[in-house]
Amino acid sequence: MIYCDHNATTPLDPSVLEAMLPYLAERWGNPSSPYRFGSEVRLALEQARKRIADCLACLPAELVFCASGTESDNMALRGVARALREKGRHIVTSVIEHHAVLNTCKALEREGFRLSYVPVSSAGVVELDELEASLCDETILVSVMHANNETGVVQPIEQIAALTGSRGILFHTDAVQTMGKLPISCSGIGADLISISAHKFYGPKGIALLYIRTGTPITPIVTGGAQERDLRAGTENVAGIIGMTEALSLACEHQESEAKRLGGLRDRLEHLVLDAVPEVKINGADATRVPNTSNMTFAAIEGESIVLGMDLRGICLATGSACSTGMPEPSHVLRAMGLTARAAQSSVRFSLGRSTREADIDTIVGELQAVVSRLRAISCIGGGPA
Ligand code: PLP
């Protein structure tokens with residue numbers, strides 16, 4: 001199998017698994033228990049928090065562990081909205097956010113908040129002027145992702161942080177797709193809240209975090225015990241936290257070299273595909289992208305058919321975000337970039353990762369050429385612009 005869908009999830013790094021095993025087998029105590037069997041686990045958990053804080057250049061007390069990137073996004077949006085509802089009821093986000101953010105925004109609209117959805121350019125970049133124009137006295141929060149999961153397009157978050165910071169508006173960024181792909185430091189990003197999820201960088205599923213800058217007003221959305229300084233109740237997923245810590249530390253250590261290597265392989269993939277397959281367009285090619293992602297439109301065929309055809313040849317690709325698989329609608333991200341519904345449905349995402357080698361790229365291109373020409377021969381969609 002050639003796995004080329006690392007934006008959906010990544011395999012567990014062997015050293016991450018090794019770090020986790022003692023906390024599943026022998027050291028399974030509850031970190032809140034008063035006896036040593038518990039307090040030793042608490043110590044390991046707090047050491048892990050410190051290690052992550054060092055990697056992200058923030059304070060350990062600014063990190064809250066939770067169960068998923070989705071929960072982290074929910075905590076940021078709902079938590080700030082609830083804490084500041086008396087100050088203002090306007091929230092700004094972009095049209096290309098992950099559903100973890102977009103559907104939470106829809107839910108907040110039903111709770112009486114007013115939402116502005118900022119458009120993107122044809123390259124997939126959030127329109128800064130429109131974002132700035134949408135800010136008003138009532139605005140309490142802006143949430144714009146660090147990089148898009150479907151196209152890999154990096155968003156101007158430093159500029160957004162400057163716009164919000166000078167107006168006293170809070171800024172959240174969903175950095176789920178950038179950890180390990182771009183250099184990440186909390187102060188460098190400049191956001192007040194940052195969401196990160198372990199399974200996107202060779203850590204386990206079911207563990208994530210939210211960075212909350214000291215002093216940021218936030219109300220918990222999961223209530224119960226006093227874990228995570230009253231911000232996220234529930235017995236901690238200790239093995240998950242230990243695994244995420246190891247994975248995050250590896251991701252930071254190898255980020256620069258991996259970004260260089262994957263960027264080279266992604267460029268090779270795009271050049272070879274453009275040479276070998278007619279009528280292909282690369283979405284977001286004019287923007288800065290994370291180095292591992294390429295989203296391509298193949299005129300006159302369904303992306304879904306390409307994914308199925310490639311699967312039969314042992315290659316894993318995606319049509320968009322994994323969460324939208326099975327949904328009939330074309331990608332909201334590609335539509336927002338101006339693609340027609342048909343072109344959006346003719347698109348495929350390639351996301352490379354640590355296991356990807358040059359030979360894999362060559363195999364992918366060879367198989368893709370065969371699958372696309374076969375599908376085009378039997379296609380009833382017809383030609384026309386991608
Ligand atoms: N945000 C982005 C940009 C994502 O790509 C994803 C997952 O695909 C999520 C949030 C949700 O993360 P999780 O799968 O950990 O809930």
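The values are calculated or read from the model by the stated rules, or taken from the named source; none is laboratory data. The model shown is predicted, which means the values in this text are computed figures rather than measured ones. Virtual Cβ from ideal backbone geometry, glycine too; neighbours counted across all protein chains shown. The area values use the complete protein model at the heavy-atom level, side chains included, leaving out ligands, DNA and RNA. Shrake-Rupley method; radii C 1.70, N 1.55, O 1.52, S 1.80 Å.
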What pairs come up if the first residue lies in the stretch 350-374 and is touching a residue at least 60 places away in the same chain (Cβ under 8 Å), the second is hydrophobic (A, V, I, L, M, F, W, C) and open to solvent by 40 Å² or more (accessible area, probe 1.4 Å), and their beta carbons are under 6 Å apart, counting only those six or more places apart or on different chains? Val365/Leu272
Does the stretch 216-230 include one or more residues that are in the same structural domain as Ala100 (by TED's automatic domain parsing), part of a strand (DSSP E or B) and of a type in the set (A, V, I, L, M, F, W, C)? no
Keeping to the stretch 128-146, report how many residues are surrounded by fewer than 24 Cβ atoms within 10 Å (Cβ to Cβ) and among the small types (Gly, Ala, Ser). 2
Members of the stretch 194-206 that are outside any loop (DSSP other than H, G, I, E, B) and away from the ligand (no atom under 11 Å from the Cβ): Ile194
Complete set of residues in the stretch 65-96 that are within 10 Å of the ligand (Cβ to nearest atom) and touching a helix residue (DSSP H, G or I) at 6+ places or on another chain (Cβ under 7 Å): Cys66, Gly69, Thr70, Asp73, Asn74, Ile96
Among the numbered criteria (1) β-branched (Val, Ile, Thr); (2) in contact with a Pro (Cβ under 7 Å, 6 or more places away or on another chain); (3) without any contact (Cβ under 8 Å) to a residue 40 or more places away in the chain, which single criterion is violated by Val238? (3)
Going through the stretch 161-193 one residue at a time, which ones are within 16 Å of the ligand (Cβ to nearest atom), among the aliphatic types (A, V, I, L, M), over 20 Å from Glu258 (Cα atoms) and without any contact (Cβ under 8 Å) to a residue 40 or more places away in the chain? Ala191
Kindly indicate whether Gly165 is open to solvent by 30 Å² or more (accessible area, probe 1.4 Å) and either over 17 Å from Thr288 (Cβ atoms) or assigned by TED's automatic domain parsing to the domain that holds Ala247 (or both). yes
Could you please tell me which pairs satisfy a Cβ distance under 6 Å, a separation of 6+ or placement on different chains, a first residue in the stretch 113-130 that is over 25 Å from Val80 (Cβ atoms), and a second residue that is assigned to a strand (DSSP E or B)? Gly124/Val153
Is the stretch 31-41 home to any residue that is open to solvent by less than 50 Å² (accessible area, probe 1.4 Å), over 18 Å from Gly234 (Cα atoms) and either away from the ligand (no atom under 16 Å from the Cβ) or in contact with a helix residue (DSSP H, G or I) (Cβ under 7 Å, 6 or more places away or on another chain) (or both)? no
Residue ID - surrounded by the fewest Cβ atoms within 10 Å (Cβ to Cβ), chosen from residues in the stretch 1-20 that are in contact with a Gly (Cβ under 8 Å, 6 or more places away or on another chain) and aliphatic (A, V, I, L, M): Met1
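Does Tyr23 qualify as being open to solvent by 10 Å² or more (accessible area, probe 1.4 Å) and either within 16 Å of the ligand (Cβ to nearest atom) or not assigned by TED's automatic domain parsing to the domain that holds Ser185 (or both)?
No.
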Among Arg266, Arg342, which is part of a helix (DSSP H, G or I) and over 22 Å from Tyr3 (Cβ atoms)? Arg342
Could you look through the stretch 82-127, keep only residues that are surrounded by fewer than 18 Cβ atoms within 10 Å (Cβ to Cβ) and small (Gly, Ala, Ser), and pick out the one that is nearest to Gly168 (Cα to Cα)? Gly88
Taking the stretch 103-146, which residues are part of a helix (DSSP H, G or I) and either in contact with a strand residue (DSSP E or B) (Cβ under 7 Å, 6 or more places away or on another chain) or of a type in the set (Asp, Glu) (or both)? Cys105, Leu108, Glu109, Asp129, Glu130, Leu131, Glu132, Ser134
Failed item in (1) without any contact (Cβ under 8 Å) to a residue 12 or more places away in the chain; (2) within 16 Å of the ligand (Cβ to nearest atom), with Glu109 passing the rest: (2)
For Leu274, work out the one condition from (1) aliphatic (A, V, I, L, M); (2) in contact with a helix residue (DSSP H, G or I) (Cβ under 8 Å, 6 or more places away or on another chain); (3) assigned to a helix (DSSP H, G or I) it doesn't fulfil. (2)
